[in-house]
Amino acid sequence: MVLTAMLLLAFPRPSAYVFSGDGSDRIGQPIEKAGTKEKTVHAGSPDVGWIAAFLKSNAIKEPNRIRLAQSIVTSAKKYDLNPRLIASVMVVESRGNPFAISGQDAIGIMQVHLPTWGTAADREGINLLKIEDNIDFGARILKNYIRQYGLWEGVKRYNGFIAADPVSEQSAQQYVAKVQQVYEDQQP
């Protein structure tokens, strides 16, 4: 943990290339940015309080809960998404761990897949280990998949669903079921 903190302080903007090679294998489509950068929502906002309670009910630890809630609500407003959907994806993906790294080369709160999105994140100066950057970029990716494929099919695509692959289909269906369970069952 100390080493991670030192690395973050020494290198505040890590290159995605560290994790994903030269970026030549990027398979993601360009994603549309929101028109203007929204201001951060205040911690006292009712929406932030509601999402913080939602996160608490899903066992997200206290130290970052308000910061996570603020970032989720800000990005939800920016990309016209339900904040509970973003929070549900985050709960399933990382349980609120900003330093989560998967065996599939996904990183951070929203588990942004580096081979697919690392080049875009690096090009745009997005620090995927920073809570606000990771949630915003993940929400932007999610919004574009939902716009293209519809709600739950878009969530499947966010998870890395590959059409015509039975193993990918089964994994994606299980993922969607987990996100739906968090989204629908546990409301503060």
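What follows draws every value from the coordinates through simple rules; no lab data is involved. Values in this document were obtained by computation on a predicted structure and should not be read as measured data. Cβ: placed from backbone, ideal geometry, glycine included. Neighbour counts: every protein chain shown.
Can you confirm whether Ile141 is within 27 Å of Lys77 (Cβ to Cβ), touching a Gly at 6+ places or on another chain (Cβ under 7 Å) and not small (Gly, Ala, Ser)? For Ile141, the condition - within 27 Å of Lys77 (Cβ to Cβ), touching a Gly at 6+ places or on another chain (Cβ under 7 Å) and not small (Gly, Ala, Ser) - is not met.
So in segment 103-140, with the set limited to residues that are in a loop (DSSP other than H, G, I, E, B) and of a type in the set (A, V, I, L, M), which one is nearest to the chain's Cα centre (by Cα)? This residue is Met110.
Residue under question is Ile135, and the condition is that it be touching a Gly at 6+ places or on another chain (Cβ under 8 Å) and touching a residue at least 40 places away in the same chain (Cβ under 8 Å); does it hold? Criteria not met by Ile135. Being assigned to a helix (DSSP H, G or I) and either of a type in the set (A, V, I, L, M, F, W, C) or in contact with a Cys (Cβ under 8 Å, 6 or more places away or on another chain) (or both) is a description that does not apply to Phe99.
Here's the yes/no breakdown for (1) surrounded by fewer than 21 Cβ atoms within 10 Å (Cβ to Cβ); (2) over 16 Å from Val182 (Cβ atoms):
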site: Pro46; (1), (2): yes, yes
site: Trp50; (1), (2): yes, no
site: Leu55; (1), (2): no, no
site: Leu68; (1), (2): no, no
site: Lys77; (1), (2): yes, yes
site: Val91; (1), (2): no, no
site: Gly103; (1), (2): yes, yes
site: Ile107; (1), (2): no, yes
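Restricting attention to segment 61-76, the residues being more than 15 Å from the chain's Cα centre (by Cα) and either of a type in the set (A, V, I, L, M, F, W, C) or within 24 Å of Glu153 (Cβ to Cβ) (or both) number 1.
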